[in-house]
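The values are calculated or read from the model by the stated rules, or taken from the named source; none is laboratory data. In this text the structure is predicted, and so the values were computed from the model without any measurement. FYI the Cβ positions are ideal-geometry reconstructions off the backbone, even for glycines, and counts take in every protein chain you see. Side chains are part of the model used for accessible areas, which takes the heavy atoms of the whole protein and leaves out ligands, DNA and RNA. Shrake-Rupley method; radii C 1.70, N 1.55, O 1.52, S 1.80 Å.
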Amino acid sequence: MLAVAGTVPDPTVPVLDAPVEFAGGVLRVAGRELPPDRGTPALLGAAVAACRFLELSLPHAFLVGDEGLGRGSRALYERMVEVLPGRDISTLAFHYLQPDVDWHNRVLFAAQSMAPAPALIADAGFMYAAKMSGQAGEYGLFTPDAGELAFLADEDAPHPFYTRGFILQDEHHVPELIARAYAHGNAAACLLVKGSTDRVADCTGVLAEVSGPSVEAMEAMGGTGDTVTGMACALMEYGLPAPRAAQVAAQANRYAGEAARPTPASQIGELIAHIPAALKRVLEELP
């Protein structure tokens, strides 16, 4: 089973530990409606669409409200430490969570105590904590953008805000930043670096690049990076190796964006509806 942990920016949402339901463009977890427009709900919406196409069970969600102060994240961490050892989860993805190295380590150890241990994926705040903890190598996939990659490449930075200025955060430097992140042990086994060109890499360097189609309106849409990660999670749960899953997800995200014909006012839910057809196209095209 695929499980996803993250937050929503509403402090009234308690810890939710339940299967995901998705119908009529509305995401529901434990009876709560969560518009899949950005953040962890967007990731979950994309993962649901991919799981349905791949004929997998729908994801399980560990969610909580957190407006950025960390209280909700800590409550969710505590819940996961308590329940993970007894759960049957084969792929576990962490998303927007307040970075906390101590709680990260507790959750990681709880996940590693599972039998068998799940494949681990991290993005956003939890990826920061994974790097800061020195445990990045325990993960199968990180999905940073170029700015987050610069943070991974800076062996001294405790948070993205403190990435040193000489580590340039533009896409021209992505290959060297990838090499630097691996040299300092700050990268997962596979990286999907999201940008105008998406790059899939491992410790040997860039394995694949995805640059088209380029849909200009998608640059103004929040949540497109979340949908890439959601698809990659589902594809890894399906059994694809992380580099393959990352490449398929990156290409399918672009095809879904092209099919949605978005405007700058579009919401990410309009793209999610096109994910099944986009995945079908990519899996037929890629050797």
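Just a few scattered comments:
- Every listed requirement among (1) surrounded by fewer than 24 Cβ atoms within 10 Å (Cβ to Cβ); (2) assigned to a helix (DSSP H, G or I) is met by G68 save one, (2).
- Within the range 198-223, tally of residues that are touching a strand residue (DSSP E or B) at 6+ places or on another chain (Cβ under 8 Å) and at pLDDT below 95: 1
- For first residues located in the range 12-26 and closer than 13 Å to E78 by Cα, partners that are open to solvent by less than 60 Å² (accessible area, probe 1.4 Å) and assigned to a strand (DSSP E or B) and lie 6+ apart or on another chain with Cβ distances below 6 Å form the pairs V15/V64; L16/V29; L16/L63; D17/F62.
- Taken together, L108, L120, L97 contain a single residue that is under 24 Å from P158 (Cα atoms), open to solvent by less than 20 Å² (accessible area, probe 1.4 Å), touching an Asp or Glu at 6+ places or on another chain (Cβ under 8 Å) and in a strand (DSSP E or B), which is L120.
- Qualifying residue in the range 79-86 (condition: farther than 23 Å from G239 by Cα, acidic (D, E) and out of contact with any Gly (no Cβ under 9 Å at 6 or more places or on another chain)): yes
- Residue within the range 150-164 that is open to solvent by less than 60 Å² (accessible area, probe 1.4 Å), under 23 Å from L235 (Cβ atoms) and β-branched (V, I, T) present: no
- Any hit, the range 219-236, residues being free of Cβ contacts under 8 Å to residues at least 40 places away in the same chain, buried (at least 24 other Cβ atoms within 10 Å of the Cβ) and closer than 16 Å to A50 by Cβ: no
- Checking each residue in the range 78-94 for being out of contact with any Lys or Arg (no Cβ under 7 Å at 6 or more places or on another chain) and open to solvent by less than 50 Å² (accessible area, probe 1.4 Å) picks out M80, V83, L84, I89, T91, L92, A93, F94.
- Screening A242 on (1) in contact with a Pro (Cβ under 7 Å, 6 or more places away or on another chain); (2) open to solvent by less than 20 Å² (accessible area, probe 1.4 Å) shows it passes everything except condition (1).
- In the range 32-51, the condition of being open to solvent by less than 10 Å² (accessible area, probe 1.4 Å), more than 17 Å from G223 (Cα to Cα) and at pLDDT 95 or above is met by at least one residue.
- Count of the range 256-277 residues which are more than 21 Å from T40 (Cα to Cα) and either touching a Phe, Trp or Tyr at 6+ places or on another chain (Cβ under 7 Å) or in a helix (DSSP H, G or I) (or both): 3
- Every residue from the range 13-30 that is closer than 15 Å to P59 by Cα and in a loop (DSSP other than H, G, I, E, B): A30
A quick yes/no check of all residues on (1) under 19 Å from the mean Cα position of the chain (by Cα); (2) more than 18 Å from C203 (Cβ to Cβ):
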position	(1), (2)
A130	yes, no
E138	yes, no
F142	yes, no
A146	yes, yes
L152	yes, no
D156	no, yes
F161	no, yes
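- A residue that is farther than 12 Å from A46 by Cα, in contact with a Cys (Cβ under 9 Å, 6 or more places away or on another chain) and not in a helix (DSSP H, G or I) occurs somewhere in the range 230-245.
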